[in-house]
């Protein structure tokens, strides 16, 4: 009996590993508010690599015109979705379901990324103080944005160690050679193929951006992205020149299975000690 119970626990643990692999959804939004869902960069039935935003793979799950005006959005571990609206406020939906339903978000901090030049934060290109891309960073547990400006700082990356730092714009900027990108996002899985020429034909990019021409590009690290466009290890053109937002959402069921597996292991240990 003890052997049977232990086998079940091993099976549960194996299931956890399988569920955690390649189980990240990507949402993308264009400038008119079409929301599409993808099963990964190059995984599942509807990956990014299946085609461009307009006619390729991906499933349209909502149409929310107002989202096409946002400066950036990102998923945050724990389930919430953060956004920077046209006025520069940082807002929050408590979960993806509310975000997809166009529920009214909670304002966490006002005017953080307000347009210091024009008095607004148009997603299509605002003045100094605005951004064109917001992402959670899975490697640091913080956040990063791409700055919008009319000078050489356009396209620079600004990193924040915590949500509190993001809400007060207390970050560290790094000069980057990109300037015309539309958005950026961190992707935790490793399924992106290495499509660049050698020696950059390396699979598993985690940091993605979409350039002004609609090409989606992937880099191995944020430092690689900051250093040079030539460091990209993945690209797909054209994908979507009118995109405004994209972010990755890890599959939550892997967490549930982990809890069940740990609970089962504790049960077996208790039975074995009796």
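The values are calculated or read from the model by the stated rules, or taken from the named source; none is laboratory data. On a predicted model such as this, the values are computed, not experimentally measured, just so you know. Note that we place each Cβ from the backbone using ideal geometry, even for glycine, and neighbour counts take in every protein chain shown.
Observations, loosely collected:
- Residue 152 free of Cβ contacts under 8 Å to residues at least 40 places away in the same chain and more than 20 Å from residue 227 (Cβ to Cβ): no
- Just one of the numbered conditions (1) over 30 Å from residue 201 (Cβ atoms); (2) modelled with pLDDT of 50 or more is not true of residue 238: (1).
Yes/no per residue for (1) farther than 20 Å from residue 75 by Cα; (2) in contact with a helix residue (DSSP H, G or I) (Cβ under 9 Å, 6 or more places away or on another chain); (3) modelled with pLDDT of 95 or more:
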site: 93; (1), (2), (3): no, yes, yes
site: 99; (1), (2), (3): no, yes, yes
site: 117; (1), (2), (3): yes, no, no
site: 134; (1), (2), (3): no, yes, yes
site: 148; (1), (2), (3): yes, no, no
site: 155; (1), (2), (3): yes, no, no
site: 162; (1), (2), (3): no, no, yes
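- Qualifying residue in segment 170-181 (condition: over 20 Å from residue 138 (Cβ atoms), modelled with pLDDT of 95 or more and outside any strand (DSSP E or B)): yes
- Screening residue 172 against (1) surrounded by fewer than 15 Cβ atoms within 10 Å (Cβ to Cβ); (2) touching a helix residue (DSSP H, G or I) at 6+ places or on another chain (Cβ under 9 Å) leaves a single unmet condition, (2).
- So residue 155, is it more than 15 Å from the chain's Cα centre (by Cα) and not in a helix (DSSP H, G or I): yes
- Failed item, numbered, when residue 55 is tested on (1) within 25 Å of residue 239 (Cα to Cα); (2) in contact (Cβ under 8 Å) with a residue 24 or more places away in the chain; (3) surrounded by fewer than 18 Cβ atoms within 10 Å (Cβ to Cβ): (2)
- Selection status of residue 195, assigned by TED's automatic domain parsing to the domain that holds residue 50 and under 21 Å from residue 54 (Cβ atoms): yes
- Sole exception among (1) touching a residue at least 40 places away in the same chain (Cβ under 8 Å); (2) touching a helix residue (DSSP H, G or I) at 6+ places or on another chain (Cβ under 6 Å); (3) surrounded by fewer than 18 Cβ atoms within 10 Å (Cβ to Cβ); (4) within 27 Å of residue 192 (Cα to Cα) for residue 41, by number: (3)
For (1) surrounded by fewer than 20 Cβ atoms within 10 Å (Cβ to Cβ); (2) in contact with a strand residue (DSSP E or B) (Cβ under 7 Å, 6 or more places away or on another chain), each residue gets a yes or a no:
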{"position": "194", "(1), (2)": "yes, yes"}
{"position": "197", "(1), (2)": "yes, no"}
{"position": "204", "(1), (2)": "yes, no"}
{"position": "210", "(1), (2)": "no, yes"}
{"position": "215", "(1), (2)": "yes, yes"}
{"position": "219", "(1), (2)": "no, yes"}
{"position": "223", "(1), (2)": "yes, no"}
{"position": "236", "(1), (2)": "no, yes"}
{"position": "240", "(1), (2)": "no, yes"}
